[in-house]
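The values are calculated or read from the model by the stated rules, or taken from the named source; none is laboratory data. Here the structure is a predicted model, which means the values were calculated and not measured. Reconstructed Cβ throughout: ideal geometry from the backbone, glycine too, with neighbour counts over all protein chains shown.
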Amino acid sequence: MAFTGYLSKFSLPEILEFLEQGYKTGLLSIRALKENSHEESQNHYIWLRQGRIVAAANRLDNQGLLSMIVRRGWIKERVAREKFQACGSQMAMGLCLKSMGLLTGEQITLLFRTQIMEQVPPLFELENGKFDFDFQAHIPSAEMTGLSMLTREATIKSLRSLRNWSALTAKLPDPTSGISKKTEILSNLELDSQESKVWKYANSQTSLDEIANQLSIALEKVRQIAFRLIVSNVAEEAFNTSTPKSSIDENTQEFADLDSINGFDELLSHPSRTHFSSFKSNKPAYALNNQQKNTATVENKVLQPIAAESSNQIDVSQSFLQNLVGFLKTKVKA
C-alpha cells in the first residue's frame, strides 16, 4: 500500500504534517525531477515510525549511517560491522554500538542530528519533485541510531535554515490575515526568539502586516515565521473580516465607472457569482477550509438580506455601494 503525488501540488511541510497526525509508519521517498532529461534525478529517503522520523538517507544500501561513523574515525568499518552482526542486526545500529561501549550518547545524538539536517532541509527547496510513501516498507536497523524526532520539529528546524522560499511562496499566509493559537502549551517544540515574538500576537485579530510593523520585522519574514507555526500545528491562519479603509478605496477605484443601481442589481441577480469556494487557489488545504467558512458568512449575512429586498426600491448612497462592492471583491481575492 502506498500513496504518491507531486510536490507542485502538496508541499513537503503538508506531507510531513499528514504523516505525523496519522501516526504513519513506512518510507517516504522523494525524487527531484530535473528539467533536463539528461540530468540524473536525486533520490531522498525518510523513514518514519508512528509519525516520527527515525532515519534519513540519500541511498538504499543501508550504508549511510555506517559511512558517517567511519568518516569521523570513531570506529573502523570492519569492527562496526562485526559488532552490529553480533547484535543480530535487529537492534538499531546506534544503540548496538553504544551498548558495546563503542559510541557515547553524545555521539549518537550528533549522528542523528546530522542525518536529519543533512538530508531533510534541502528537500524544502524542491519545486519539482515526486513523492511516494510506502506503508509496508521495512525500516533498516542499519540506518537507525535509536533516536527519533517529530516531523513538526524537523520541519520547523529545516524552514529556519531555508534560504530559497520560492517553492513555498504560494503557501505563505496572506499579509491581511492573522494567526490564532491552536494550543497554549508548546510541548516538544521550542521556538526561537523571533517565533516567540510573533507567537505573542497569535490572537486572530492582529494581521501579519500589523505584526511586522509592531516588531519592526520585514513582512515577508513574518509571513515565513507564521507559516512555520502553522505547519508545526501550533497555530492556524485567521482570516480577518474587517478590511482597512485604504484597501477598500483602492479596490473600489476599479469600479468608478460602474453604474451603482444597475451594477449592484446585476450582482444580486446572479448568486452563483458569489460562490467564492469555487475559485482555484494555491493556498494549502487548511487555508481553504477556513476561507470557505468565512465566505459562507459573507453570503448569509450580507448578500441574502439585501437580495430579499431587491424587488423594492432601495435608496442607498453611491459611496455605500462602492464600499460594499470593494468589500466583496477583497473577499474574493482572499
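Might you let me know whether the stretch 243-255 holds any residue that is surrounded by fewer than 20 Cβ atoms within 10 Å (Cβ to Cβ) and modelled with pLDDT of 50 or more? No. Ile53 meets all of the listed conditions (1) of a type outside the set (Gly, Ala, Ser); (2) at pLDDT 95 or above; (3) in a loop (DSSP other than H, G, I, E, B) but one, namely (3). Tell me, yes or no, whether the stretch 132-145 has at least one residue that is touching a residue at least 60 places away in the same chain (Cβ under 8 Å), within 30 Å of Phe239 (Cβ to Cβ) and touching a strand residue (DSSP E or B) at 6+ places or on another chain (Cβ under 7 Å). Within the stretch 132-145, none of the residues are touching a residue at least 60 places away in the same chain (Cβ under 8 Å), within 30 Å of Phe239 (Cβ to Cβ) and touching a strand residue (DSSP E or B) at 6+ places or on another chain (Cβ under 7 Å).
The set of residues in the stretch 177-203 being surrounded by 12 or more Cβ atoms within 10 Å (Cβ to Cβ) and part of a loop (DSSP other than H, G, I, E, B) consists of Ser177, Lys182, Leu186, Leu189, Leu191, Asp192, Tyr201, Ala202. Taking every residue in the stretch 1-23 that is at negative phi and pairing it with any residue that is among the acidic types (Asp, Glu) and surrounded by 13 or more Cβ atoms within 10 Å (Cβ to Cβ), at least 6 positions away or on another chain, the pairs with Cβ-Cβ distances below 6 Å are Ala2/Asp132; Ala2/Asp134; Thr4/Asp132.
A quick yes/no check of all residues on (1) surrounded by fewer than 16 Cβ atoms within 10 Å (Cβ to Cβ); (2) at pLDDT below 50:
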position: Asn213; (1), (2): yes, no
position: Ile225; (1), (2): no, no
position: Asp257; (1), (2): yes, yes
position: Asp265; (1), (2): yes, yes
position: Leu268; (1), (2): no, yes
position: Ser272; (1), (2): yes, yes
position: Ser281; (1), (2): yes, yes
position: Ala287; (1), (2): no, yes
position: Gln292; (1), (2): yes, yes
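Residues of the stretch 8-39 that are crowded, with 17+ Cβ neighbours inside 10 Å, modelled with pLDDT under 90, under 18 Å from the mean Cα position of the chain (by Cα) and more than 20 Å from Asn233 (Cβ to Cβ): none at all. Taken over the stretch 77-97, the residue count meeting the criterion of being assigned to a loop (DSSP other than H, G, I, E, B) and either surrounded by fewer than 13 Cβ atoms within 10 Å (Cβ to Cβ) or not assigned by TED's automatic domain parsing to the domain that holds Leu66 (or both) is 2. So which residues in the stretch 132-176 are surrounded by fewer than 21 Cβ atoms within 10 Å (Cβ to Cβ) and of a type in the set (Phe, Trp, Tyr), if there are any at all? Passing the criteria: Phe135, Trp165.
Could you tell me whether any residue of the stretch 69-78 is closer than 19 Å to Tyr45 by Cβ, in contact with a Ser or Thr (Cβ under 6 Å, 6 or more places away or on another chain) and not acidic (Asp, Glu)? No - not one qualifying residue is present in the stretch 69-78.
Within the stretch 129-147, not a single residue is outside the structural domain of Arg52 (by TED's automatic domain parsing) and assigned to a helix (DSSP H, G or I). Looking across Ser207, Ser193, Ser232, one residue alone is among the small types (Gly, Ala, Ser), out of contact with any helix residue (DSSP H, G or I) (no Cβ under 7 Å at 6 or more places or on another chain) and within 29 Å of Gly51 (Cβ to Cβ). It is Ser193.
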